[in-house]
Number of protein chains: 4
Amino acid sequence: MSKIAVITGYGPGLGSALKKRFEQEDYHVVPVSRSSAVTADLTDSASAHNAFEQINEQYGCPDIVIHNVAELIRGEFLSLSDSDFEQAWRSTVLSAVNVCQAVLPEMLNRQTGTIILTGATASTRGGARFAPFSSAKFALRGLAQSLAREFQKQGIHIVHPVLDGIIWSELSQQRFPGLKQKSCLEPEDIADIYYHLHTQKSSAWTHELDIRPRSENF
Amino acid sequence: MSKIAVITGYGPGLGSALKKRFEQEDYHVVPVSRSSAVTADLTDSASAHNAFEQINEQYGCPDIVIHNVAELIRGEFLSLSDSDFEQAWRSTVLSAVNVCQAVLPEMLNRQTGTIILTGATASTRGGARFAPFSSAKFALRGLAQSLAREFQKQGIHIVHPVLDGIIWSELSQQRFPGLKQKSCLEPEDIADIYYHLHTQKSSAWTHELDIRPRSENF
Amino acid sequence: MSKIAVITGYGPGLGSALKKRFEQEDYHVVPVSRSSAVTADLTDSASAHNAFEQINEQYGCPDIVIHNVAELIRGEFLSLSDSDFEQAWRSTVLSAVNVCQAVLPEMLNRQTGTIILTGATASTRGGARFAPFSSAKFALRGLAQSLAREFQKQGIHIVHPVLDGIIWSELSQQRFPGLKQKSCLEPEDIADIYYHLHTQKSSAWTHELDIRPRSENF
Amino acid sequence: MSKIAVITGYGPGLGSALKKRFEQEDYHVVPVSRSSAVTADLTDSASAHNAFEQINEQYGCPDIVIHNVAELIRGEFLSLSDSDFEQAWRSTVLSAVNVCQAVLPEMLNRQTGTIILTGATASTRGGARFAPFSSAKFALRGLAQSLAREFQKQGIHIVHPVLDGIIWSELSQQRFPGLKQKSCLEPEDIADIYYHLHTQKSSAWTHELDIRPRSENF
């Protein structure tokens, strides 16, 4: 029976690079998004649970879940509304809570599993005009630490990679005209690191690491 | 005309110590809570704005706002519900967003003002079984950094004290039976530090500091 | 009998502002440098011990020691020599070790005392071409944490302020032509904060805080 | 021509696990210590340069240097001498400076190369009675950051792994009687991570990561 990798917030760019990388290793990869074979609104607890029940029935318990869902909401603080903050929190934090609550019981039964919650520059530095995104990404980091400290000893590997740079993708090229590929994070190279993190033995687990292009200032 | 200090999430303990300390310095202190003279549900944007309009009309623009609102929601991760996370976020983060949005326009007009957003041990360390509280407190820290970087140059002093210990109060004595006063943070001593932070000149502003009893492990 | 404050690495700028500030509070202030009334080469253990024996005999045990000694040694890594690194370490770290070893026994006898070890931007961020200075300032921070964790419970308050900016002084004006006063840390304003840190009650001690001009990027 | 990996501070435990791991990948591994084929006192600049000249002549420019030299010097602060601090600094920091100065010119010529400077729990937390070790390990971290920011853009990958646990080895079993293997970092598992770090593409480089056994509190 093949191993199962679930990618939430699946899309072109990092999502599809992760899918290829894990398929190379003979994983069955299950994308979860609003438009995948397994669809879910992960900000809704019931929808998240349904999606993971469906995955469990069809494929078995995931060996790894990679959670990349986030929404880059930012702007001058006084131009933002409550709902900007709420949307940032729901998409980034609540979705992660729901995914982890849906997948952890089965992983704990098996006493093994990896959960990667993807962070960003804004996870450790609250920049000007990034209040909704930064506060949500900080919250995700706090969640990741709390989960690691609660579940690591029970065999669950929780990782919080901090992607400190722009991922090269169609989306980023549209958003940042003039963006140069060589100053970007290549999705394939991130995917390689994520796969490696999953293979770490439990005597030597990484909880947090930064990942950035060599040209990035930090 | 006397200076104005607003304390949100006012209650016995830190709130009343802050009131006394600022009154010693001839501040008019305005507590804001669900049961103060100025009442507000700070998790509601309109209610927060109304409260600060009322304060502006009655007393003038606050020189300092001290935001102490938070709710200690914690527990085993799999025993928690979505609404636990949402409530932690609303009480800790959304209330701060609302307060800052309500008070900043007038402070920016005057190009001066202090906002203190109170943090906790859980603001920098996500402990096991503290996921809702820690993720909310991390988020508040990200918000505080973002506000400091956006508004500091316009004369607004944003401070994020990290209270690393238990405040000695009726509430804490009920919650932690056997608690010893000498291992706790004294509200009066915190109040003294908060007042001093407000008096810092803009050539030498502190954004973050830890505050703990000498007996606290860290 | 008046209280005693010792300032090591005394000079114009921060040193003399600290002297004035503590004298306002009726402290007897004892500068220690290569050219003060009490002279010492603080990188030499015996010389440091002699200086503090002299202080103890003449004035009594210091209530507070403020250690500002550091040497800004930097440059392209491959242009630096071993002795650049050694000098940075001796002036910044070894001097602090010697001062703390000379003053702690008497402070521990009295179960009270404050030691402030001054940090800088380079204490938490190792910048390009700052290797000797940054590695020394990081080391000082590690030392300060270790001392706080060993001696705090015995009544000694160890503080590590991180000065994130340039201090306005004759020296800095010579070093950075065109420097503007309003973008600098004012020595008097830092001195005020240092005095306040010394007055913190032991129920609410700060170990680390950042201090920067409102115009400073961070 | 085979690739070259240099391991400084080579010994049983992590050193020999790294040797095996890189040899599996067809690297020629050159241990450097006081008793290896290539001997050096790395705290001495000339000796370090001689060792790397010898390596360059015999094998070619190293593709990777892994620096594991450190000396665990600790104790009650007031029981330590100046020379304890100096020895900790020389063995941990000065040796790294010397190794980097010896190997960087040739790596920069080739615009490629990896340098791993091994950190420890004490690199980010200055514990009680760990002053010499912590201040030295903090200094190494500052050095690593400074080197990364100076040389990353020129193609040199500088990594600072933080080993947060005890490595299972003959030495650790002697030092900590009753030590259990399953609560330790396995040298082979660390070696695997180090090899992977070296294979990271320059679009996605990690500068810092923590590595700990699943049973470790943090």
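Quick note: the coordinates plus some simple rules give every number you see, no bench work behind them. These numbers were taken from a predicted model, which means no experiment stands behind them. Methodologically, a virtual Cβ is constructed for each residue, glycine included, from the backbone with ideal geometry; neighbour enumeration extends over all protein chains shown.
When C:ALA128, C:ALA120, C:ALA139 are screened for being touching a residue at least 40 places away in the same chain (Cβ under 8 Å), at the interface with chain D (Cβ under 7 Å from one of its Cβ atoms) and among the hydrophobic types (A, V, I, L, M, F, W, C), only C:ALA139 passes. Annotation: A:THR121 fulfils all but one of (1) buried (at least 19 other Cβ atoms within 10 Å of the Cβ); (2) of a type in the set (S, T, N, Q); (3) in contact with a helix residue (DSSP H, G or I) (Cβ under 8 Å, 6 or more places away or on another chain); the unmet one is (3).
Tell me, please, whether a residue that is buried (at least 22 other Cβ atoms within 10 Å of the Cβ) and either touching a residue at least 60 places away in the same chain (Cβ under 8 Å) or at positive phi (or both) can be found in the stretch B:22-31. Yes; the residues of the stretch B:22-31 include at least one that is buried (at least 22 other Cβ atoms within 10 Å of the Cβ) and either touching a residue at least 60 places away in the same chain (Cβ under 8 Å) or at positive phi (or both). Kindly evaluate A:GLY126 against the criterion of being out of contact with any Leu (no Cβ under 6 Å at 6 or more places or on another chain) and more than 27 Å from D:PRO213 (Cα to Cα). Yes.
For the stretch C:66-79, which positions are outside any loop (DSSP other than H, G, I, E, B) and without any contact (Cβ under 8 Å) to a residue 60 or more places away in the chain? Matches in the stretch C:66-79: C:HIS67, C:PHE77, C:LEU78, C:SER79.
Would you confirm whether or not the stretch B:81-98 contains a residue that is farther than 30 Å from D:ASN217 by Cα, outside any helix (DSSP H, G or I) and β-branched (Val, Ile, Thr)? Within the stretch B:81-98 (the criterion being farther than 30 Å from D:ASN217 by Cα, outside any helix (DSSP H, G or I) and β-branched (Val, Ile, Thr)), the answer is no, since none of the residues qualifies.
So in the stretch B:32-49, with the set limited to residues that are polar (S, T, N, Q), crowded, with 16+ Cβ neighbours inside 10 Å and away from chain A (no Cβ under 12 Å), which one is farthest from B:ASN109 (Cα to Cα)? Looking at the filtered set, the residue picked out is B:SER36. Please verify whether A:ALA5 is closer than 17 Å to A:ALA191 by Cβ and outside any loop (DSSP other than H, G, I, E, B), treating the condition exactly as stated. It is true that A:ALA5 is closer than 17 Å to A:ALA191 by Cβ and outside any loop (DSSP other than H, G, I, E, B). Against the condition buried (at least 22 other Cβ atoms within 10 Å of the Cβ), at the interface with chain A (Cβ under 7 Å from one of its Cβ atoms), polar (S, T, N, Q) and in contact with a Phe, Trp or Tyr (Cβ under 6 Å, 6 or more places away or on another chain), how does B:SER146 come out, does it pass? Considered against the rule, which asks whether it is buried (at least 22 other Cβ atoms within 10 Å of the Cβ), at the interface with chain A (Cβ under 7 Å from one of its Cβ atoms), polar (S, T, N, Q) and in contact with a Phe, Trp or Tyr (Cβ under 6 Å, 6 or more places away or on another chain), B:SER146 comes out as yes.
One residue stands out among those in the stretch C:56-94 that are of a type in the set (S, T, N, Q) and within 14 Å of another protein chain (Cβ to nearest Cβ): the one that is farthest from the chain's Cα centre (by Cα), which is C:SER79. Restricting D:VAL97, D:VAL103 to residues that are more than 7 Å from chain C (Cβ to nearest Cβ) and β-branched (Val, Ile, Thr) narrows the list to D:VAL103. Go through the stretch B:167-218 and count every residue that is buried (at least 22 other Cβ atoms within 10 Å of the Cβ) and of a type in the set (Gly, Ala, Ser). So the count comes out to 3.
Whenever a residue of the stretch C:80-91 is closer than 18 Å to D:LYS137 by Cβ, its partners that are crowded, with 20+ Cβ neighbours inside 10 Å and of a type in the set (Gly, Ala, Ser), lying with C-beta atoms within less than 6 angstrom and at least six residues away or across chains, give the pairs C:ALA88/C:ALA136; C:TRP89/C:ALA136.
Filtered by the rule that a residue be in a loop (DSSP other than H, G, I, E, B) and within 13 Å of the chain's Cα centre (by Cα), the stretch C:105-119 gives a lone residue, C:THR118. Looking only at the stretch A:8-54, residues that are in a strand (DSSP E or B) and either more than 13 Å from the chain's Cα centre (by Cα) or under 20 Å from A:ASP189 (Cα atoms) (or both) come to 8 in all.
Please work out if C:LEU163 is surrounded by fewer than 24 Cβ atoms within 10 Å (Cβ to Cβ) and of a type in the set (A, V, I, L, M, F, W, C). Considered against the rule, which asks whether it is surrounded by fewer than 24 Cβ atoms within 10 Å (Cβ to Cβ) and of a type in the set (A, V, I, L, M, F, W, C), C:LEU163 comes out as yes. Within the stretch A:105-119, is there a residue that is closer than 24 Å to A:LEU18 by Cβ, in contact with a Cys (Cβ under 8 Å, 6 or more places away or on another chain) and of a type in the set (Asp, Glu)? Within the stretch A:105-119, one or more residues are closer than 24 Å to A:LEU18 by Cβ, in contact with a Cys (Cβ under 8 Å, 6 or more places away or on another chain) and of a type in the set (Asp, Glu).
Just to be sure I understand, how many residues within the stretch D:160-186 are closer than 28 Å to D:ASP26 by Cβ and within 9 Å of chain A (Cβ to nearest Cβ)? Selection size over the stretch D:160-186: 5.
When B:ALA122 is tested against (1) among the aliphatic types (A, V, I, L, M); (2) within 30 Å of A:CYS100 (Cα to Cα); (3) over 17 Å from the mean Cα position of the chain (by Cα), only condition (3) is not met.
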